[in-house]
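Participant: Just passing along the structure, written as structure tokens.
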Amino acid sequence: MRKSLVVLDDTRECLNAIRFAAMRAAKTGGGVQVLAVIPASEIQHGMGVAEVMRAEAYERIQAHFEVFAKWMRDRPGVEPELVIREGEPATELLAQIGDDPEIGIVVLAASADSSGPGPLVTRLMREVATLPCPITIVPGDISRERLEKIT
């Protein structure tokens, strides 16, 4: 099954990317894979402390994911898959794209900030010629109504 890969993070625009990916997957019969990355800097401490921090990060991600997963199941009728990786977000995103041959498209949301589209979009645009799949970039401030119309 062709999957849309979308990143779950703490950004405001993440919601638009998830909405778009789920609505497109529902209309095309595809799946949604949600990638969450725990930055290595969040868990680099002594061994005992690192394990506690890692467990807390996994719990936080699971809870965050479940909010979106419930919406995806209830509204567009898509059963999402969660993948959690540790490391630098852009590097782990590229690694996940390479590791899963069923990923047919990457859906990212651009930041609405005047400082630029965000680090993930910027990094992937540098790698776009070598990616095995296309990228869809969703405007960070696009309305839910507009997303529903275009999917």
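Participant: If you restrict to DSSP beta bridges whose two residues both lie in the range 3-150, what percentage is antiparallel, to the nearest 5?
Facilitator: Roughly 0 percent of the DSSP beta bridges within the range 3-150 come out antiparallel.
Participant: Ok, one more. Is it possible to state the helix-based mean residue ellipticity at 222 nm for the chain, with each DSSP H run of 4+ residues giving -39500 (n - 2.57), the sum divided by total residues, to the nearest 500 deg cm²/dmol? What is it?
Facilitator: Theoretical 222 nm ellipticity from helices: -15000 deg cm²/dmol.
Participant: I would also like to ask the following. Which far-off residues, 5 or more places away or on another chain, put their amide H under 5 Å from the one on A110, with H placed in the peptide plane?
Facilitator: V138, G140
Participant: Let me ask something else about it. Relative to the first principal axis of the alpha-carbon coordinates of the chain, what is the inclination of helix 47-74, with its axis defined by its Cα atoms, in degrees from 0 to 90 and to the nearest 10?
Facilitator: 20
Participant: Compute the accessible area per residue over the range 14-151, keeping the other protein chains in place, probe 1.4 Å, unit Å².
Facilitator: 52
Participant: Ok, one more. Report, by chain and number, residues whose modeled amide H sits under 5 Å from the one on L5, excluding near sequence neighbours (fewer than 5 apart, same chain).
Facilitator: HN-HN under 5 Å from L5: Q33, G104, I105, V106, V107.
Participant: Would you mind getting the Kirkwood hydrodynamic radius of the chain from its Cα pairs, rounded to one decimal in Å?
Facilitator: 15.9
Participant: Please give the length that would be gained between M125 and I150 if that part of the chain were fully extended, namely 0.36 nm times their separation in residues minus their C-alpha to C-alpha distance (nm, one decimal).
Facilitator: Contour length minus the Cα-Cα distance gives 6.7 nm.
Participant: Long-range amide H contacts for L82: which residues qualify at under 5 Å (H placed 1.01 Å from N, peptide plane, sequence gap of 5 or more or a different chain)?
Facilitator: V34
Participant: In the neighborhood of K3, defined by Cβ-to-Cβ distances under 14 Å, what is the net charge if each Lys or Arg adds +1 and each Asp or Glu adds -1?
Facilitator: -3
Participant: Carbon-plus-sulfur fraction of the accessible area of the range 71-111, 1.4 Å probe, in percent?
Facilitator: Solvent-exposed carbon and sulfur of the range 71-111 make up 48 percent of the total.
Participant: Moving on to the next point. Round to the nearest 0.05 the FRET efficiency obtained for E102 and K27 when R0 = 22 Å and r is the Cβ-Cβ distance.
Facilitator: Computed FRET efficiency for E102 and K27 comes out at 0.80.
Participant: Related question: Among the lysines, which fall within straight-line cross-link reach of K70, defined as a Cα-Cα distance under 19 Å, with same-chain neighbours fewer than 8 residues apart omitted?
Facilitator: K3, K27
Participant: I would also like to ask the following. If I fit a long axis through the Cα atoms of helix 89-99 and take the longest principal axis of the Cα atoms of the chain, what angle between them do I get, 0 to 90°, rounded to 10?
Facilitator: For helix 89-99, the angle is close to 70 degrees.
Participant: Read phi for every residue in the range 134-146 and hand back ³J(HN,Hα) as whole Hz from Karplus 6.51 cos²θ - 1.76 cosθ + 1.60, θ = phi - 60°, with x for Gly and Pro.
Facilitator: With the stated coefficients, the range 134-146 comes to x, 10, 10, 10, 9, x, x, 10, 5, 7, 4, 4, 5 Hz.
Participant: Let me ask something else about it. To the nearest 20 Debye, how big is the dipole of the range 3-150 about its Cα centre, given +1 on the beta carbon of each Lys and Arg and -1 on that of each Asp and Glu?
Facilitator: Charge dipole, the range 3-150, about its Cα centre: 640 debye, nearest 20.
Participant: If you take the square roots of the eigenvalues of the alpha-carbon gyration tensor of the range 77-151 and sort them as a ≥ b ≥ c, do you get rounded (a/c under 1.5), prolate (a/b over b/c) or oblate?
Facilitator: Here the range 77-151 falls in the oblate category.
Participant: Positive end of the dipole of the chain, charges at C-beta (+1 Lys, Arg; -1 Asp, Glu), about the Cα centre: which of M1, G116, G29 has its Cα farthest in that direction?
Facilitator: Comparing the listed Cα positions along the dipole, G29 ranks first.
The values are calculated or read from the model by the stated rules, or taken from the named source; none is laboratory data. Please read all numbers here as calculations on a predicted model, not as lab measurements. We place every Cβ from the backbone using ideal geometry, glycine too, and count neighbours over all the protein chains shown. The protein model used for the area step is the full one, side chains on, heavy atoms only, and it has no ligands, DNA or RNA in it. Shrake-Rupley method; radii C 1.70, N 1.55, O 1.52, S 1.80 Å.
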